Structure formats: C-alpha cells, structure tokens
1. With the cut-off at 18 Å, tell me which of the pairs 164/203; 164/202; 112/164; 27/95; 27/193 have Cα atoms farther apart than that.
2. Quick one: dipole size for the chain, taken about the Cα centre, charges +1 on Lys/Arg Cβ and -1 on Asp/Glu Cβ, in debye to the nearest 20.
3. From largest to smallest, what semi-axes in whole angstrom does region 114-242 give when each is the square root of 5 times an eigenvalue of its alpha carbon gyration tensor?
4. Between residue 205 and residue 109, what is the label-point separation in nm under the 7 Å Cα-to-beta-carbon projection?
5. Please give, to one decimal in nm, the separation of the simple spin-label points placed at residue 90 and residue 242, each 7 Å out from Cα toward the Cβ.
6. Between residue 76 and residue 212, how high is the FRET efficiency from 1/(1 + (r/R0)^6) when r is the Cβ-Cβ distance and R₀ = 35 Å? Nearest 0.05.
7. Which percent of the accessible area of region 2-235 is formed by carbon and sulfur heavy atoms (probe 1.4 angstrom)?
8. Given H placed on each backbone N at 1.01 Å, which residues far from residue 132 in sequence or on other chains put an amide H within less than 5 Å of it?
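The values are calculated or read from the model by the stated rules, or taken from the named source; none is laboratory data. The structure presented is a predicted model; accordingly, all values stated were derived computationally and were not measured. Because the Cβ atoms are built from the backbone with ideal geometry, glycine has one as well, and the counts that use them run over all protein chains shown. All accessible areas refer to the heavy atoms of the entire protein, side chains included, with ligands and DNA or RNA removed. Shrake-Rupley method; radii C 1.70, N 1.55, O 1.52, S 1.80 Å.
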Amino acid sequence: MDLEVVDNYSVMSEIAANLVAGLIQEKKNAVLGLPTGSTPEGMYAHLVEMFREGIIDFNAVVTFNLDEYVGLAPGHPQSYHQYMKNKLFDHVNIKQENYNIPYFHDKNDPGKVCEAYEKSIKAAGGIDLQVLGLGVNGHIGFNEPAPCLHTSTHLVELTEETVKANSRFFDSLDQVPRKAITMGMGSIMGANKILLLVSGEKKAKAVRKSFRGLISTENPASFLQLHRNLVVILDREAASLL
Ligand code: GLP
C-alpha cells in the first residue's frame, strides 16, 4: 500500500487527477471505475480542465460507476447519473456508449441487472484504475458495514448513518433513497489498481479503522489493505488519527 498524506483537499484532487490523466495518456482505452460524492469533485474539475487544454482525450475511455440510488430516475438532480454528467461526462468527449452506471428500476429483475453489469466490466477487460471515496462508516461504493459482504454488483439497503450523511444533498431526510445498487467488494478488488481519496476530519476515524485496524466486514474499506496495488491519498485532517 502506498499511503500519502498531503496538505489539503486541493492538493489531493490535483494528485488524483494527474494519476488518472497519466493512465489515460498511457492507455487511450483505459477502463476507469468512478466514484461520486463530494470527495472526487475536485479531481473531476481538474480532469475537465486537462481535457480543455488538450492534455487528455476521453474518446476511447470506458468508465464504470460504482453505484447508484434505487428509486431516482437518471435525470433526478441527486442521481449519480446526473452527478456524472454535471461533473464530467457533459464536459469531455467520452462516448455515451462508453460510460456505464448501474441502474435498477423496480420493473427489472435485480439478478439480471447486476449480472449484466458484472458482464460488461469483464467484457471491457476489467477495470484498470478504480477510484474510491470513503463513507464515514467505512463503506466503499455502497458496500455497507454488515456481518457479511457481497462479492459482485447487488442491491443494498442503506444504513441510517449513510442516509443521514447523504441527506446533505437532499432537501430533507425522507427524500434520501433507502436502497441502492452497488458494485461488490469483489468487483472493486478486481481492479488492477485502486486509488482511495479521503478528505476531512469527519473521515479520520474511518481511516484509522481501515488502515490501522483488523480487516472486518463491519468496516468494508479495511479489505482494501489486501489489494496488491493500492494508493491512498489523505489530506492532513483525514490522516489526523493515524
Ligand atoms: C457515498 C457514495 C460513495 C462515496 C461515499 C463518500 O454514499 N456511495 O461512493 O465514496 O459515500 O461520499 P463523500 O465523498 O461525499 O463523503
């Protein structure tokens, strides 16, 4: 594991963007695993800037998002579909057929939807670089702390803690979806390289538990320690309890 502590969010975002950009320059058809949330916003802004400056080209890049809420239409302002369009996809030349976001609608068969997502990742040749954020309770994607974890893409019931943490993006707590679809721990750990970004004091406990504690399904991020090519970039606040 390569764990780097940097001064602040802005430095973290720049380093992350440079890492992603380096991969895209090296491999035009790179397959990226992408997160949502506040953490990667700065990284996406840098990537958009680099695209505008002609430093990187998304024409052949393929992406797979980690997760999505169940019950929000793709056009809903808080859906991860919309987030990705706002932060990245609408501003770069990625082809629509090359970006993938899991989506579950009540009328679909959950098993089939999840299986199809896993198949598309395999068909793309697997994920070259999986970028991750960290939940305050140690969740990764929407793999929530639990007595056991799923390997592949699945539907999940969100914990109260996550619903509360994510309610800042919604007008009220009841508007936050209680269910989501997420890549599983196996889908994530299958990536060639993982880049975990963590910023802010409120994540410090989760960071400590993930990298200084035992590996436990009650702290999904702790499994990342087992990955052979893991880069963790923390700002000082997130690293304050290490
Ligand atoms: C959300 C997302 C995760 C994200 C995490 C942290 O619930 N499902 O993919 O990494 O929580 O979010 P944030 O970066 O906003 O703190």
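1. In this structure, 112/164 exceed 18 Å between Cα atoms.
2. Dipole of the chain, to the nearest 20 debye: 340 debye.
3. They are 22, 20, 13 Å, listed from largest to smallest.
4. If labels sit at residue 109 and residue 205, their model points lie 4.3 nm apart.
5. 3.6
6. Values: r = 38 Å, r/R0 = 1.09.
Efficiency for this residue pair is about 0.40.
7. Answer for region 2-235 is 50 percent, counting heavy atoms of protein chains only.
8. 195, 196, 197
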